[in-house]
Amino acid sequence: MARDILRTDRLTLREITPADLPFLHRIFGDAECMRYYPGIKSFDETASWFHRLAFDSYAIHGFGLWAVTDRRSGTLLGDCGITLQETSAGPEPEIGYHLWRDHWGKGYAAEAAAACRDHALDALGFARIVSIVRPDNVRSQRVAKRVHRRRETFSKAADPDGGRLEFHLYITDKA
């Protein structure tokens, strides 16, 4: 049984299980959902992603990507959680989110991300939490603006050939 991590008014965030992977691959295998990523993922690539950023991360760090479910129906909507990502300040806890597109525009991503922000700062004791968003990803920027207090810009390597991309780094520091 998957362990519940967080609850909001409408959502439960719980540990991801292998049974969730086919639905999550629906997101990661969809060109519209992955528009701001280098490309869609195969099922094996999706499984590897969640092994690293969920299953292994739970064991190593005590956090990771969690399943976002509708609190009333239990329906799986996508994932949201905390992973360690490289920023201009080094490795930092970052809130990431991916929802199936039928659930976009309903406030679920911001609700889940805000719960993750509070959990990171309070229960996990982080001094700072961020979200990394591409400048052309307007939907994700809207979510990050609702969740975080300020924004900076940074660049990071985008490919093995040394190309760099600029990203917005949305930041909340512990008060």
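The values are calculated or read from the model by the stated rules, or taken from the named source; none is laboratory data. A quick note: this is a predicted structure, and the numbers were derived from the prediction, not measured. For neighbour counting, all protein chains shown are included, and Cβ atoms are generated from backbone atoms with ideal geometry for every residue, glycine included. Accessible surface areas use protein heavy atoms only, side chains included; no ligands, DNA or RNA. Shrake-Rupley method; radii C 1.70, N 1.55, O 1.52, S 1.80 Å.
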Report the residue, chosen from Phe63, Phe43, Phe28, that carries the largest GNM mean-square fluctuation when the chain is represented by alpha-carbon nodes joined by springs under 10 Å. Phe43
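Using 0.36 nm times the number of residues separating Asn137 and Asp102, minus their current alpha carbon distance, what extension gain do you get? Numbers along the way, then the final one.
Numbers: separation 35, 0.36 × 35 = 12.60 nm, distance 1.76 nm.
So the extension gain works out to 10.8 nm.
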Entry for percent of Cα pairs over 22 Å apart (calculated from the structure that is shown) out of (1) 60; (2) 65; (3) 41: (3)
If the convex hull of the alpha-carbon atoms of segment 81-162 is projected onto planes in all directions, what is the mean projected area in square nanometres? 6.1
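Using Cα pairs closer than 8 Å and at least 6 residues apart in sequence, work out the relative contact order for the chain, in percent. Provide the component values of the computation, followed by the final result.
On the way: 312 pairs, mean separation 29.5, N = 175.
Taking the mean separation of contacting Cα pairs over the length of the chain, I get 17 percent.
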Which ³J(HN,Hα) values, rounded to whole Hz and listed in residue order, are derived for segment 65-82 from phi using the Karplus coefficients 6.51, -1.76 and 1.60 in 6.51 cos²θ - 1.76 cosθ + 1.60 with θ = phi - 60°, glycine and proline given as x? 7, 10, 6, 9, 10, 5, 5, 7, 8, x, 4, 6, 9, x, 9, 7, x, 10
If the cut-off is a Cα-Cα distance under 13 Å, which aspartates and glutamates reach Lys174, setting aside same-chain residues fewer than 8 apart in sequence? Asp118, Asp122
For segment 136-146, Karplus-derived ³J(HN,Hα) couplings (6.51, -1.76, 1.60; θ = phi - 60°; whole Hz; x for glycine and proline) come out as 8, 8, 5, 4, 5, 4, 4, 5, 4, 5, 6
For the chain, calculated [θ]222 nm from helices alone, where every DSSP H run of n ≥ 4 adds -39500 (n - 2.57): -7500 deg cm²/dmol
Scalar couplings 3J(HN,Hα) for segment 106-111 by Karplus 6.51 cos²θ - 1.76 cosθ + 1.60 (θ = phi - 60°), nearest whole Hz, x for Gly and Pro, are 10, x, 5, 4, 5, 5
Among Gly29, Val147, Met1, pick out the residue whose Cα is farthest towards the positive end of the charge dipole of the chain, where Lys and Arg carry +1 and Asp and Glu carry -1 on C-beta, about the Cα centre. Val147
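Roughly to the nearest percent, how much of the accessible area of the chain is carbon and sulfur, given a 1.4 Å probe? Walk me through the numbers before you get to the answer.
Working: 4390 of 9030 Å².
Here carbon and sulfur together make up 49 percent of the probe-accessible area.
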I want to check the label-to-label distance for Thr8 and Ala123. Put each point 7 Å from Cα in the C-beta direction and report it in nm to one decimal. 1.4
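What is the packing order of peptides 30-40, 145-155, taking the mean over residues of other C-beta atoms within 10 Å and listing the highest first? Kindly include the intermediate steps, with their values, before the conclusion.
On the way: 30-40: 12.6, 145-155: 14.6.
The packing order, highest mean first, is 145-155, 30-40.
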Simple spin-label estimate for Phe154/Ser88, 7 Å along Cα→Cβ, in nm, reads 0.8
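Please compute the length gained on full extension between Lys145 and Ala175, using 0.36 nm multiplied by the number of residues separating them and subtracting their Cα-Cα distance. Don't skip to the answer; put the middle values down first.
Working: separation 30, 0.36 × 30 = 10.80 nm, distance 1.73 nm.
Contour length minus Cα-Cα distance gives 9.1 nm.
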Using a probe radius of 1.4 Å on heavy atoms only, what accessible surface per residue do you get for segment 74-119? Whole Å² is fine. 35
Taking the Cα centre as origin and putting +1 on Lys and Arg beta-carbons and -1 on Asp and Glu beta-carbons, what dipole magnitude results for the chain, to the nearest 20 debye? 660
